[in-house]
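*Asks:* Here it is, the structure, as structure tokens.
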Amino acid sequence: MKISIRFVWMIAFFWMAFAPALYAADQPDDRDALRGLTSAKVVFDVRAPDIDKLVFNLGLINETYDGLVAQGVKPSMVVAFRGPGVHLLASAAPDAEAHELFKALTARGVRFEVCSVAMRIFKADPALLIPGVKLVGNVFNSMIGYQTKGYALIAIN
């Protein structure tokens, strides 16, 4: 049985015409939640107790940033650290992967804050904070301020 060239071209045409729509239908997006937004403000409340969770969470924050930008929304992000994991930010050489994520996010304009109350309670030296992390008086006060200014709060453990 011979297949005609016309049949092959017809199959190719339909594939090229409809494959992008089929592929796009499978791609999840956030268009319903983001409809009408051109910008979004968020403060992440991070209490990561160990380096693995810190790296994981920084990666999620980076992916969130990418997702907003890809959907036409300009993010304004603050990452506020508190809890026992603050000692992870007070070292001259944090995990290389964490350090690269901090640098990449800082370059995108993401701001990092660490709670001086948590630094005191968990005996972390503020003089050893990694570059780009700002010491604030009390992250709870910061979160109150950011939320009052319209920032969405996302808690990360």
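*Asks:* Quick check: anything in region 82-104 surrounded by fewer than 17 Cβ atoms within 10 Å (Cβ to Cβ) and within 27 Å of ALA33 (Cα to Cα)?
*Replies:* yes
*Asks:* Can you tell which of VAL136, VAL79 is surrounded by 15 or more Cβ atoms within 10 Å (Cβ to Cβ), closer than 30 Å to GLN27 by Cβ, at pLDDT 95 or above and among the aliphatic types (A, V, I, L, M)?
*Replies:* Within the list VAL136, VAL79, the selection yields VAL79.
*Asks:* Now, a different point. Assess whether VAL117 counts as being over 17 Å from the mean Cα position of the chain (by Cα), surrounded by fewer than 17 Cβ atoms within 10 Å (Cβ to Cβ) and at pLDDT 95 or above.
*Replies:* Considered against the rule, which asks whether it is over 17 Å from the mean Cα position of the chain (by Cα), surrounded by fewer than 17 Cβ atoms within 10 Å (Cβ to Cβ) and at pLDDT 95 or above, VAL117 comes out as yes.
*Asks:* For region 141-157, what are the residues that are surrounded by 14 or more Cβ atoms within 10 Å (Cβ to Cβ) and either more than 18 Å from the chain's Cα centre (by Cα) or of a type in the set (Val, Ile, Thr) (or both)?
*Replies:* SER142, ILE154, ILE156
*Asks:* In addition: Just a yes or no: is a residue in region 46-59 modelled with pLDDT of 60 or more, within 17 Å of the chain's Cα centre (by Cα) and polar (S, T, N, Q)?
*Replies:* yes
*Asks:* OK, next. Quick test for you: out of VAL133, VAL117, VAL139, pick the one residue that is in contact with a Cys (Cβ under 6 Å, 6 or more places away or on another chain) and not hydroxyl-bearing (Ser, Thr, Tyr).
*Replies:* None of the other options fit; the residue is VAL139.
*Asks:* Is it fair to say ILE130 is farther than 25 Å from ASP30 by Cα and either crowded, with 17+ Cβ neighbours inside 10 Å or touching a residue at least 24 places away in the same chain (Cβ under 8 Å) (or both)?
*Replies:* Answer is yes for this residue.
*Asks:* What number goes with the only condition from (1) touching a residue at least 40 places away in the same chain (Cβ under 8 Å); (2) in contact with a strand residue (DSSP E or B) (Cβ under 8 Å, 6 or more places away or on another chain) that GLU113 does not pass?
*Replies:* (1)
*Asks:* Right, something else. Search region 49-69 for residues that are among the small types (Gly, Ala, Ser) and pair each with any residue that is assigned to a helix (DSSP H, G or I) when their beta-carbon atoms are under 7 Å apart and the residues are at least 6 apart or on different chains.
*Replies:* Once the first residue is among the small types (Gly, Ala, Ser) and sits in region 49-69, its partners that are assigned to a helix (DSSP H, G or I) give GLY59/LEU101.
The values are calculated or read from the model by the stated rules, or taken from the named source; none is laboratory data. Being a predicted model, the structure only gives us computed values, none of them experimental. Quick reminder, even Gly has a Cβ in these numbers, built from the backbone with ideal geometry, and neighbours come from all protein chains shown.
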